[in-house]
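The values are calculated or read from the model by the stated rules, or taken from the named source; none is laboratory data. None of the values given here were measured: they were computed from a predicted structure. Neighbour counts are summed over all protein chains in view; Cβ atoms, including those assigned to glycine, are modelled from backbone coordinates with ideal geometry. Ligands, DNA and RNA are stripped out before the accessible areas are found, and what is left, the full protein with its side chains, is counted by its heavy atoms. Shrake-Rupley method; radii C 1.70, N 1.55, O 1.52, S 1.80 Å.
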Amino acid sequence: MAKTTFNCSECGGTSAKWLGQCPHCRAWNSLIETVAEPAGSGKNRFGARPGLTPASPLMTLANIEASDFERTPSGLDELDRVLGGGMVEGGVVLIGGDPGIGKSTLLLQALDALQRRGQKTLYVTGEESGAQVALRARRLGLEGSQVQVLAETELEKMLSTLQAERPHVAVIDSIQTVYSNQLTSAPGSVAQVRECAAHLTRVAKSEGVTIVLVGHVTKEGALAGPRVLEHMVDTVLYFEGDTHSSFRLVRAIKNRFGAVNEIGVFAMTEKGLKGVSNPSAIFLSQHAEPVPGSCVMVTLEGSRPLLVEIQALVDSGGPSPRRLSVGLDRDRLAMLLAVLHRHAGVACMDQDVFVNAVGGVRISEPAADLAVLLAITSSLRGRPLPKGFIAFGEVGLAGEVRPAPRGQERLKEAAKLGFSVAVVPKANAPKKPIEGLTVHAVERIEQVVEAVRGL
Ligand code: TYD
Ligand code: MG
């Protein structure tokens, strides 16, 4: 068994045994087990961890041949879209998401599609038995699937199967269940997850295997296990969406082989996940008549505009009123309320304020600001916004309304879906009128409140 040491994540100091407090910097709970590597122990790349390897020859940047990545599309268009065109040889993808959102379903479908295209695939399951995986495959209508399944949680055994089988694509479901027998820490601990992911990443690079790691997310929505996992891998995808609705988004938040913030949209059906190629209207709740506290915005995620309804409820609160948001940043909400008060004279100090992006979608772009503010004022006043109304734009602390990128595309999409009135930042106002859409261009938050009052 390899020797392990404990490194402090705060000061980097080492200790031979685990201690609650770092003997060097006195930080608590900061020691993490790592395998101490004797230098030059470069054995088999599948078995032992390589120590110092001989230096690669020095090259001048201009003389290195730049080769584009060889991509293999999975055939699931929405997944290929977020991956930047398909699986890349030697690429490592981390996919995270809440339990039950559909990670295993999507990856099983993807592996089967790849297998049918002549790729050799391996599905390593650490959470479910082979029988459970087979049951899911039947449900997905994948009878006769040739995907290889390995029910295993020990890293070393996985590596020997990878070596023997040499698949093109391997899925590890999930990285939190994998443990290395070289470490004494429990499976799922930071040390185990980090070490196993690092080892699998090295194998992916050296052997040209595409490895997809499934990761759990914590209650706060971050990937469980060390953050270093996100640094190690080439692509990080997040699965999001409301498990109660059928729509799911897969978002690329890091991609060394493609654009970030690209999204893939799926609908969970009786027979697995189906791609939604024209998703712009799926996040609207269908009100027969306009209701107070609702404002539709156009967000641009990746290459496609999406219309998302923002809902707000402003209600009289207690001595310390609450500010809660679902799908939107809470700090930003607090900031927007301050701007609304200071620059437009609309006060919500003694009110509870709740905001929600409909359909479980998460919106991080500041272009949501205007819609959030308008939904709040609409709820506060108990007056709906006009029928067919949309808004987008960023709001600054000085009360200015800043343009959103690619405003024309957003407006055109809204017009296409039958929206007829828009409030947008001045710089986003169209040069040529867009048919069927009346655009009100605003520069300051005071004007927004004024413009809406007159509608
Ligand atoms: P799963 O892929 O097991 O989620 P994860 O791996 O992210 O935990 O998804 C399970 C959910 O999806 C479960 O609640 C049942 C549902 N589902 C369908 O609706 N249709 C299907 O065809 C399948 C296979 C699952
Ligand atoms: Mg699963």
Under the rule rounded for a/c under 1.5, else prolate if a/b exceeds b/c, else oblate, using alpha carbon gyration tensor axes a ≥ b ≥ c, region 69-162 is classed as rounded
Of all DSSP beta bridges having both residues in the chain, the percent classed as antiparallel (nearest 5) is 55 percent
With Cα coordinates, the longest principal axis of the chain makes an angle with the long axis of helix 190-207, in degrees rounded to 10, of 80 degrees
By the mean-Cβ-within-10 Å protection proxy, highest first, 118-128, 430-440 rank as 118-128, 430-440
Measuring from the longest principal axis of the C-alpha atoms of the chain, the long axis of helix 369-381 (C-alpha) lies at a number of degrees, nearest 10, equal to 50 degrees
Nearest-0.05 FRET efficiency for residue 157 and residue 67 at R0 = 41 Å, using Cβ-Cβ distance, is 0.75
For residue 120, the lysines lying under 29 Å Cα to Cα, once residues fewer than eight places off in the same chain are dropped, come out as 43, 103, 157, 205, 254, 271, 274
For the chain, averaging the sequence separation of alpha carbon pairs under 8 Å that lie six or more residues apart and dividing by its residue count, the contact order in percent is 11 percent
Rounded to whole Å², per residue accessible area for the chain with a 1.4 Å probe reads 47 Å²
Descending packing, highest mean Cβ count within 10 Å first, for 281-290, 393-402, 252-261 is 393-402, 252-261, 281-290
Highest mean packing first, using Cβ neighbours within 10 angstrom, the peptides 384-390, 363-369, 416-422 sort as 363-369, 384-390, 416-422
Looking only at aspartates and glutamates whose Cα falls under 13 Å of residue 412's and that sit 8 or more positions away or on another chain, we get 435
Carbon/sulfur accessible area of the chain, % of total, 1.4 Å probe, equals 53 percent
Rounded to the nearest 10, the angle in degrees between the Cα long axis of helix 155-165 and the longest principal axis of the Cα atoms of the chain comes to 80 degrees
